[in-house]
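To start, the structure itself, in structure tokens.
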Amino acid sequence: MSLVSLRTERSITTLRLERPQALNAMSEAMAKDFAAAVKRAAKEKSRVVVLEAAGAAFSAGGDLAFIEKNMARPKASLAPIMKRFYGDFLSIRFLPQVTIAKVHGTAVGAGLCLALACDLRVVVEDAKLGFNFVRLGINPGMAAWPLARAAVGDARARELLFTGRLFAGRDLHSWGGACAHAATAAELDAVCAELAGRVASGSAESLRLLKTETRIGENLSPFLTHEAKGQARTFKAKDIAEGIAAIRERRAPKFG
């Protein structure tokens, strides 16, 4: 069974993360399924792609089992593995359609980066968001810095990344409009559908040209290369074991 589903109704395609039992944690298998679904979505005649997730959370970020597997892998293999992993999920940035992330529950680490990789966002007001990489003991990945900086500005992006603190969906909305709408959980479906419908009512050719123009000048490759090397290093450092233990024991990490 695929960990990502795809359906198209009229001019809107829905891309859905389908690993609810693990809070849609991002594994290697999900990465491959996601990239394949994005390729299929690119061939659809839709104008909008909505990215959503099954279950109680949008995404808990990188899968802990995947992280632990990387801790045991040869260091030389890690940077290529991580660049491929980032690329599979960030392939959503290259869709010709306008993309909307529909965020509920929790979106942390790579999961939040995935939401920020979309063109627009609708977020539940009390959703729990955060760049928790330093709390886990690893270097940020998934283009965390450029995506965070573009969404909330340089100074706040630094603060969020350096502290790894959680914040709410309503905060993301208030910080310079980093999401199009903040909604209650009960309103989320309707608010996202209304936004997707308004976008989809535009000219298909105009939307695709504008989408291309909004990406001019963006080059995440240098960041991804640096991140992959950084994660390769931190996968082999002592702090990551404490970070994982803290998450599983639901406590604050105690780094040396």
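Observations
- Taking the criterion of being among the basic types (Lys, Arg) and out of contact with any Lys or Arg (no Cβ under 7 Å at 6 or more places or on another chain), the residues of region 69-89 that qualify are 69, 73, 83, 84.
- When region 119-151 is filtered for residues that are under 15 Å from the mean Cα position of the chain (by Cα) and not hydrophobic (A, V, I, L, M, F, W, C), the ones remaining, listed by number, are 119, 121, 128, 130, 132, 140, 141, 146, 149.
- The numbered conditions (1) aromatic (Phe, Trp, Tyr); (2) under 16 Å from the mean Cα position of the chain (by Cα); (3) closer than 20 Å to residue 109 by Cβ are all true for residue 66 except (2).
- Per-region count, region 32-82, residues of a type in the set (D, E, K, R), assigned to a helix (DSSP H, G or I) and surrounded by 15 or more Cβ atoms within 10 Å (Cβ to Cβ): 2
- Residue-level check: of (1) of a type outside the set (Lys, Arg); (2) modelled with pLDDT under 95; (3) surrounded by 18 or more Cβ atoms within 10 Å (Cβ to Cβ), residue 1 misses just (3).
- Selection count, region 203-256, where residues are in contact with a strand residue (DSSP E or B) (Cβ under 7 Å, 6 or more places away or on another chain) and not aliphatic (A, V, I, L, M): 1
- Per-region count, region 124-138, residues of a type in the set (A, V, I, L, M) and over 24 Å from residue 184 (Cβ atoms): 3
- Residues of region 195-214 that are part of a helix (DSSP H, G or I), surrounded by 13 or more Cβ atoms within 10 Å (Cβ to Cβ) and not hydrophobic (A, V, I, L, M, F, W, C): 197, 208, 211.
- Top-ranked residue of region 121-149 - restricted to ones that are in contact with a His (Cβ under 9 Å, 6 or more places away or on another chain) and among the aliphatic types (A, V, I, L, M), ranked as farthest from residue 64 (Cα to Cα): 122
- For region 222-256, filtering for residues that are among the small types (Gly, Ala, Ser) and surrounded by fewer than 12 Cβ atoms within 10 Å (Cβ to Cβ) leaves 2.
- Number of the condition not met by residue 126 [criteria: (1) closer than 24 Å to residue 42 by Cα; (2) modelled with pLDDT of 95 or more; (3) not basic (Lys, Arg)]: (1)
- For region 157-193, filtering for residues that are touching a His at 6+ places or on another chain (Cβ under 9 Å) and over 20 Å from residue 57 (Cβ atoms) leaves 1.
- Residue, surrounded by the fewest Cβ atoms within 10 Å (Cβ to Cβ), within region 101-142, restricted to residues that are in a loop (DSSP other than H, G, I, E, B) and either without any contact (Cβ under 8 Å) to a residue 40 or more places away in the chain or aliphatic (A, V, I, L, M) (or both): 117
- Residue 217 vs. criteria part of a loop (DSSP other than H, G, I, E, B), on the phi > 0 side of the Ramachandran plot and surrounded by fewer than 18 Cβ atoms within 10 Å (Cβ to Cβ): yes
The values are calculated or read from the model by the stated rules, or taken from the named source; none is laboratory data. None of these values were measured; they are calculated from a predicted model. So basically every Cβ, Gly included, is an ideal-geometry build from the backbone, and we count neighbours across all protein chains shown.
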